[in-house]
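To start, the structure itself, in structure tokens.
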Amino acid sequence: MEHAPYIYMRCSSFGKSSFVFDYLIVDKVRNIEIANARSVQVFIDTETGVPQALSTDIKQRFINFEGEGNITDSNASKDW
């Protein structure tokens, strides 16, 4: 009998103009990890091609979804 894999994805951190997604695929029946990955997404101004700062609203949406303390702001101690 075949079982569908479980796929997890989360935003683990964000910076000034980027955010990081972590991915995990597991087979819970056999209790094994099938794959994991990480990607970095960058907000780019489509007209200029220059990275664009993440808005406070977008950052707060990530925090609200992931839960307070479950996401890292890599620019938290930096002066924007």
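Heavy atoms of the protein chains alone define the surface here; on that basis the chain has 77 Å² accessible area per residue at 1.4 Å probe size. The angle between the Cα long axis of helix 56-66 and the main principal axis of the chain comes to about 20°, on a 0 to 90 degree scale. Amide H contacts under 5 Å for Ser13: Val20, Thr72, restricted to partners 5 or more places along the chain or on a different chain, H placed in the peptide plane at 1.01 Å from N. If the viscosity is 1.002 mPa s and the temperature 20 °C, what Stokes-Einstein diffusion coefficient in µm²/s follows for the chain when Rh is the Kirkwood radius over Cα pairs? Reported coefficient: 148 µm²/s.
Quick one: pull the percent of accessible area on region 24-79 belonging to carbon and sulfur, 1.4 Å probe, ligands and nucleic acids left out.
Solvent-exposed carbon and sulfur of region 24-79 make up 49 percent of the total.
Based on DSSP loop calls and a cut-off of at most 10 other Cβ atoms within 10 Å, the longest stretch of the chain free of exposed trypsin sites (Lys or Arg not before Pro) is what? Looking at the chain, 31-77 is the longest stretch - no exposed trypsin sites (Lys or Arg not before Pro) with at most 10 other Cβ atoms within 10 Å. Residue separation of Asn64 and Ile25 scaled by 0.36 nm, minus their Cα-Cα distance, works out to 11.7 nm of gained length.
The values are calculated or read from the model by the stated rules, or taken from the named source; none is laboratory data. As the structure is a prediction and not an experimental result, all values here were calculated from the model. Here Cβ is always computed from backbone atoms with ideal geometry, including for glycine, and neighbour counts include all displayed protein chains. Note: areas computed on protein heavy atoms with side chains; ligands, DNA, RNA excluded. Shrake-Rupley method; radii C 1.70, N 1.55, O 1.52, S 1.80 Å.
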